[in-house]
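Reading through the structure tokens given below for one structure.
The values are calculated or read from the model by the stated rules, or taken from the named source; none is laboratory data. None of the values given here were measured: they were computed from a predicted structure. Heads up, the Cβs are rebuilt from the backbone with ideal geometry, glycines too, and the neighbour counts pull from every protein chain shown.
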Amino acid sequence: MNASAQFDYVDVELLRKYDKPGPRYTSYPTAPNFSKEFGPADYEGEIVRTNSSGKGDYLSLYFHLPFCKSLCYFCACNMQVTHSREAISDYLAVLKAEIDLISKLIDPRRKVVQLHWGGGTPTYLSPQEIRDLMGHIRSRFSLGETAEMGVEIDPRGLTAEHIEALRESGFNRASIGVQDFDPEVQETVNRIQPEEMTRSVFGSCRRLGFTSINLDLIYGLPRQTLESFEWTIDKVIEISPDRLAVFNFAYVPWIKKHHERLIDPATLPKPEAKLAILKMTIEKLSQASYVYIGMDHFARQDDELAVAQREGALHRNFQGYSTKAGFDLYGMGVSSISCVGDVYAQNHKAIPDYKSAALAGRLATMSGYRVSEDDKVRWYVITRLMCDMELAKGDVERRFGIDFDTYFADALTQLTPFEADGLLVHEKDKIEVAGTGRLVIRNIAMAFDKYLKKETDGRPVFSRTV
């Protein structure tokens with residue numbers, strides 16, 4: 001197995017060459033291919049089909065809690081600013097109705113081994129709302145004793161009671177939003193979060209027994225410089241999280257209108273400065289003994305992600321890299337995406353539409369997709385490349401009954417420039433990502449995506465790859 005990477009040097013010129021829009025591949029096909037012709041009946045039929053065997057296999061659950069107290073100008077999530085506790089309470093009632101509806105369709109013997117709350121700001125709920133919602137989930141689903149239970153945390157406005165409520169509810173993993181410690185950057189993006197506030201929340205989570213704590217950072221934000229973000233990275237290394245996600249700022253004014261209104265493009269780091277920030281970040285974290293998993297994920301060498309990658313057991317889903325592979329994922333809440341059996345199903349993105357469906361006792365499916373056999377082959381190839389950074393052609397051939405080089409003749413032609421630039425090694429029996437190739441793994445995966453031209457068709461759809 002291709003060992004996890006430690007970087008002493010990052011080739012910025014190669015990053016510049018391959019910096020272009022592309023999918024993150026948390027699914028294949030990606031969401032732009034979902035069809036509104038796929039509806040609630042299609043989704044329900046697949047739920048019933050996957051439960052008919054009664055094998056009592058495992059489940060993954062995701063719950064979307066979209067509310068925030070204020071808008072972070074860089075945000076591209078499906079979220080809504082509100083100061084109305086009544087609006088939050090009303091949404092939770094609707095979410096519980098959907099939980100009831102979904103849980104009745106699922107074999108009760110199936111154990112939940114992975115659960116995640118995302119948003120929005122899940123910790124904008126009150127401590128009592130946290131306990132109440134998790135109590136409702138536990139009453140409808142069978143949670144395994146060793147389930148991986150994660151929650152996204154915003155330190156702003158967080159109290160000790162919030163953290164206690166999360167831990168008492170069973171959460172054992174926390175992802176703490178930081179983005180950047182520099183005060184000027186924080187002011188520019190409307191997210192004032194002093195370093196000490198983050199340290200305090202991190203320490204409380206540690207003391208209460210959270211087994212894994214992740215910090216989220218963003219590079220490429222307005223007013224960010226190489227020097228200021230290096231200072232942030234130094235502080236983060238001092239804090240010593242188990243994992244780090246260092247996201248590329250997705251400036252998408254064609255999707256998120258507040259980017260156009262609230263962010264002056266002139267304040268964004270120039271492409272060469274942004275790449276220098278990325279280079280510094282990867283090299284510093286590698287020197288601090290963090291393993292570069294791929295794309296934007298880093299982990300300590302003994303972390304489950306790093307171990308899973310070394311053992312070939314890493315996976316990707318809508319939460320990014322994961323150690324839980326092959327389980328049906330049920331997404332609940334507005335805009336949530338499920339991956340069940342052979343289908344993807346996405347809920348309505350607007351709360352009124354979501355509410356109307358759930359309270360009427362209908363699945364809130366807005367769109368979806370039923371994967372083909374070709375989709376399964378390509379998703380396997382893309383997943384293994386992005387997780388293992390290598391691919392054994394014989395494994396694919398045995399699993400799917402194909403001749404690899406014939407099936408992927410067009411894709412292999414597209415890999416030639418990467419090979420010429422030393423970003424991968426293409427041999428008779430395998431493809432292996434090399435060096436800086438890990439940083440452009442999305443680009444490499446794109447060679448195997450037959451929908452990509454159709455998805456873009458000259459229109460901006462995806463964020464840039466680096």
**Request:** Test each condition in (1) at pLDDT below 95; (2) surrounded by 14 or more Cβ atoms within 10 Å (Cβ to Cβ) for Leu208 and report the one that comes out false.
**Result:** (1)
**Item:** Met134, sole failed condition from (1) free of Cβ contacts under 8 Å to residues at least 40 places away in the same chain; (2) in contact with a Leu (Cβ under 8 Å, 6 or more places away or on another chain)
**Value:** (2)
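Yes/no matrix, rows are residues, columns are (1) crowded, with 20+ Cβ neighbours inside 10 Å; (2) hydrophobic (A, V, I, L, M, F, W, C); (3) over 23 Å from the mean Cα position of the chain (by Cα):
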residue: Phe74; (1), (2), (3): yes, yes, no
residue: His83; (1), (2), (3): no, no, yes
residue: Lys104; (1), (2), (3): no, no, yes
residue: Gln114; (1), (2), (3): yes, no, no
residue: Gly119; (1), (2), (3): yes, no, no
residue: Arg140; (1), (2), (3): no, no, yes
residue: Glu152; (1), (2), (3): yes, no, no
**Any helices (runs of 4 or more DSSP H) falling wholly within segment 332-443 and containing at least 3 residues that are of a type outside the set (D, E, K, R), in the same structural domain as Ile102 (by TED's automatic domain parsing) and free of Cβ contacts under 8 Å to residues at least 40 places away in the same chain** = none
**Message:** Can you say whether Leu95 is surrounded by fewer than 22 Cβ atoms within 10 Å (Cβ to Cβ) and hydrophobic (A, V, I, L, M, F, W, C), as far as the supplied structure shows?
**Reply:** no
**Request:** Give the residues of segment 429-443 that are out of contact with any Ser or Thr (no Cβ under 9 Å at 6 or more places or on another chain) and at pLDDT below 95, sorted by residue number.
**Result:** Val433, Ala434, Gly435, Thr436, Gly437, Arg438
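Report the residue count in segment 121-132 for those that are in a loop (DSSP other than H, G, I, E, B) and surrounded by 17 or more Cβ atoms within 10 Å (Cβ to Cβ).
If we filter segment 121-132 for residues that are in a loop (DSSP other than H, G, I, E, B), which is where we start, we get 121, 125-126.
After this cut, where a residue has to be surrounded by 17 or more Cβ atoms within 10 Å (Cβ to Cβ) as well, the list is 121, 125.
Residues in segment 121-132 being in a loop (DSSP other than H, G, I, E, B) and surrounded by 17 or more Cβ atoms within 10 Å (Cβ to Cβ): 2 in total.
Looking at segment 154-194 only, could you name the residues that are surrounded by 17 or more Cβ atoms within 10 Å (Cβ to Cβ) and of a type in the set (Asp, Glu)? Steps first, please.
So the first thing to find is which residues in segment 154-194 are surrounded by 17 or more Cβ atoms within 10 Å (Cβ to Cβ), and the list is 154-156, 158, 162-163, 165-167, 169, 171-182, 185-186, 188-189, 191, 193.
Passing the criteria: Asp154, Asp180, Asp182.
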**Item:** Filter result (farther than 30 Å from Arg316 by Cβ and either hydroxyl-bearing (Ser, Thr, Tyr) or touching a Ser or Thr at 6+ places or on another chain (Cβ under 8 Å) (or both)) within segment 81-132
**Value:** Val81, Thr82, Ser84, Arg85, Ile88, Ser89, Ser126, Pro127, Glu129, Arg131
**Item:** Enumeration of residues in segment 128-163 that are aliphatic (A, V, I, L, M) and either farther than 20 Å from Asp328 by Cβ or not assigned by TED's automatic domain parsing to the domain that holds Ile88 (or both)
**Value:** Ile130, Leu133, Met134, Val151, Ile153, Leu158, Ala160, Ile163
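Scan segment 250-268 and give yes if some residue there is within 25 Å of Thr323 (Cα to Cα) and crowded, with 19+ Cβ neighbours inside 10 Å, otherwise no.
Of all residues in segment 250-268, those within 25 Å of Thr323 (Cα to Cα) come to none.
Looking for residues that are within 25 Å of Thr323 (Cα to Cα) and crowded, with 19+ Cβ neighbours inside 10 Å, one finds none in segment 250-268, hence no.
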**Complete:** If we take segment 207-317, then strands (runs of 3 or more DSSP E) inside it with 2 or more residues that are of a type in the set (Ser, Thr, Tyr) and assigned by TED's automatic domain parsing to the domain that holds His162 are 212-219, 290-294
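Any chance segment 108-127 includes a residue that's in the same structural domain as Asn248 (by TED's automatic domain parsing), of a type outside the set (Asp, Glu) and free of Cβ contacts under 8 Å to residues at least 12 places away in the same chain? Spell out the reasoning first.
Within segment 108-127, the subset in the same structural domain as Asn248 (by TED's automatic domain parsing) is 108-127.
Filter once more, keeping what is of a type outside the set (Asp, Glu): 108-127.
Next, from what is left, pick out any that are free of Cβ contacts under 8 Å to residues at least 12 places away in the same chain: none.
Scanning segment 108-127 turns up no residue that is in the same structural domain as Asn248 (by TED's automatic domain parsing), of a type outside the set (Asp, Glu) and free of Cβ contacts under 8 Å to residues at least 12 places away in the same chain.
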**Prompt:** Just checking, which of Gly118, Gly150, Gly135, Gly144 is out of contact with any helix residue (DSSP H, G or I) (no Cβ under 8 Å at 6 or more places or on another chain), outside any loop (DSSP other than H, G, I, E, B) and at pLDDT below 95?
**Reply:** Gly144
**Asked** So which residues in segment 403-417 are more than 19 Å from Gly437 (Cα to Cα) and surrounded by 15 or more Cβ atoms within 10 Å (Cβ to Cβ)?
**Response** Phe404, Tyr407, Phe408
